[in-house]
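Every read-out reported here was derived from the displayed coordinates using simple, explicitly stated rules and does not represent laboratory data. In this text, all values refer to a predicted model and were calculated from it rather than measured experimentally. Note that we place each Cβ from the backbone using ideal geometry, even for glycine, and neighbour counts take in every protein chain shown.
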Amino acid sequence: MLVLAHYIEHYILIIVVVICWFWRTAVPPRLPGSRTDTELSVAVRQRVRMECSPSHGVPEPRITWLKDGEPLESADHTRNIRLLRAGRILQLRSAGVEDSGVYACVIENKAGRDQRRYVLQVNGAPSVSYSDLLSRYLLYSFHPVISRE
């Protein structure tokens with residue numbers, strides 16, 4: 001029943017958009033999943049994809065991506081960040097710990113705006129220093145065995 005209600009709501013929105021387009025009325029954009037944050041947790045060097053697909057909006061909404069409240073310019077991050085499908089997908093080719101943060105997809109037109117937030121946590125491998133490895137090796141390799149006779 002819930003699925004049927006979702007489909008009915010979707011078709012009603014399409015009809016409203018078509019009518020508004022015909023009458024040249026502006027319709028505010030809307031993003032599915034914009035009411036809650038999406039939490040992503042990935043390992044270092046993993047590929048990450050975040051989607052921003054407006055379900056409707058007249059005129060066509062403009063898409064902007066933010067990281068920690070600042071606009072993301074693809075030129076600033078060309079080695080790692082790609083915007084695909086006209087900005088509808090933000091892809092991190094190889095996530096690093098420094099990529100952790102709050103990403104937001106903001107869509108807006110003259111009738112309004114909406115946004116979807118992703119909280120990205122990139123988990124790095126535990127770091128082990130050479131001196132730590134050497135001291136453990138020496139401790140366990142040359143520790144005298146005491147026998148009880």
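From least to most packed, judged by other beta carbons within 10 angstrom and beginning with the fewest, Arg35, Arg62 follow the order Arg35, Arg62. Counted by Cβ distance under 14 Å from Arg49, the other residues give a net charge of +4, where Lys and Arg count +1 and Asp and Glu count -1.
Distance distribution note for segment 37-126: the fraction of Cα pairs above 22 angstrom is 26%. Take the Cα of Ala86, step 7 Å toward its Cβ, do the same at Ala125, and the gap between the two points is 4.1 nm.
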